[in-house]
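First the structure, in the form of structure tokens, and then the observations on it.
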Amino acid sequence: MNTEAIAFYTLATCILGFGVLVITARNTVHSVLFLVATFLFVAALYVLLHAEFLAVIQVLVYAGGIVVLYLFVVMLVNLKRPPEAHADPRRRGRLGVLVAGLLLAQFVAIASYGVTQIGGPAPPPDAGPSLTGNTELVGWALYTDYLVPFEVASMLLLVAMIGAILLAKRELR
């Protein structure tokens, strides 16, 4: 076996091992630390596959940003408190359902427009500017073919951040 195969199987074993530790750890902070190790080994796997840009993004976004968000949520939310005995009178359930319905209608409209778009799909990368590197290819694909999923992911992260802030604000009163 060559060295790349040995490195791949070693990294894959470590990723699977830390993945199992993430879901079996009793302490949530330890689980998040195992998740960081998993993300770092996935970044090493990207380097092995000659996708250096994805490895850097993996470390910056996931191992850096997302895990910090998880740690803030774990530390700000008291998991040992009992559930609330009464409903909050300020909660607007019908308004939430209405906003969710409008958002779903907007997603359906965007998806149907993408399917029935006049002129067909976006041109392939070779029809556009000359793309030479991994970074250029990822950027071209991200902002042409995968623009809507990229925006949906950013909206979900924004909602998660607002939820974490509201949970923290409730605890600080």
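The values are calculated or read from the model by the stated rules, or taken from the named source; none is laboratory data. Just so we're clear, the structure is a prediction, and the values are computed from it rather than from any experiment. With ideal geometry, Cβ positions are generated from the backbone for all residues, glycine too; neighbour counts draw on all protein chains shown.
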- Item | Arg26, sole failed condition from (1) in a helix (DSSP H, G or I); (2) over 22 Å from Ser154 (Cβ atoms) | (1)
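Tyr9: in a helix (DSSP H, G or I), over 30 Å from Glu136 (Cβ atoms) and not assigned by TED's automatic domain parsing to the domain that holds Glu136, yes or no?
On the way: in a helix (DSSP H, G or I): yes; over 30 Å from Glu136 (Cβ atoms): yes; not assigned by TED's automatic domain parsing to the domain that holds Glu136: yes.
So Tyr9 passes the test.
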- Query: Name the pairs whose Cβ atoms lie under 8 Å apart, with the first residue in segment 30-51 and within 26 Å of Val73 (Cβ to Cβ), the second in a loop (DSSP other than H, G, I, E, B), and 6 or more positions between them or separate chains?
  - Reply: Ser31/Ala25; Phe34/Ala25
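Restricted to segment 104-137, and to residues that are assigned to a helix (DSSP H, G or I) and modelled with pLDDT under 65, which residue is farthest from Val47 (Cα to Cα)?
We begin by selecting, within segment 104-137, every residue assigned to a helix (DSSP H, G or I); these are 104-115, 125-127, 134-137.
Retained after the next criterion (residues that are modelled with pLDDT under 65): 125-127.
Working: Pro125: 23, Asp126: 25, Ala127: 28 Å.
The residue in question is Ala127.
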- Looking at segment 78-87, is at least one residue outside the structural domain of His30 (by TED's automatic domain parsing), modelled with pLDDT under 80 and assigned to a helix (DSSP H, G or I)? no
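Would you check which residues across segment 138-149 are surrounded by 11 or more Cβ atoms within 10 Å (Cβ to Cβ) and under 20 Å from Gln58 (Cβ atoms) and list them? Step through it out loud before you land on a result.
First, the residues of segment 138-149 that are surrounded by 11 or more Cβ atoms within 10 Å (Cβ to Cβ): 138-148.
Passing the criteria: Val138, Gly139, Trp140, Ala141, Leu142, Tyr143, Tyr146.
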- Query: Val61 is checked against (1) loosely packed, with under 14 Cβ neighbours inside 10 Å; (2) touching a residue at least 40 places away in the same chain (Cβ under 8 Å); (3) part of a helix (DSSP H, G or I) and fails just one. What number does that condition carry?
  - Reply: (2)
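Just give me the residues in segment 41-56 being under 19 Å from Ala5 (Cα atoms) and assigned to a helix (DSSP H, G or I), in sequence order. Before you say what the answer is, go through the steps one by one.
Initial filter on segment 41-56 (under 19 Å from Ala5 (Cα atoms)): 41-52, 55.
Passing the criteria: Phe41, Val42, Ala43, Ala44, Leu45, Tyr46, Val47, Leu48, Glu52, Ala55.
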- Give the residues of segment 36-71 that are small (Gly, Ala, Ser) and under 17 Å from the mean Cα position of the chain (by Cα), sorted by residue number. Ala37, Ala43, Ala55, Ala63, Gly64, Gly65
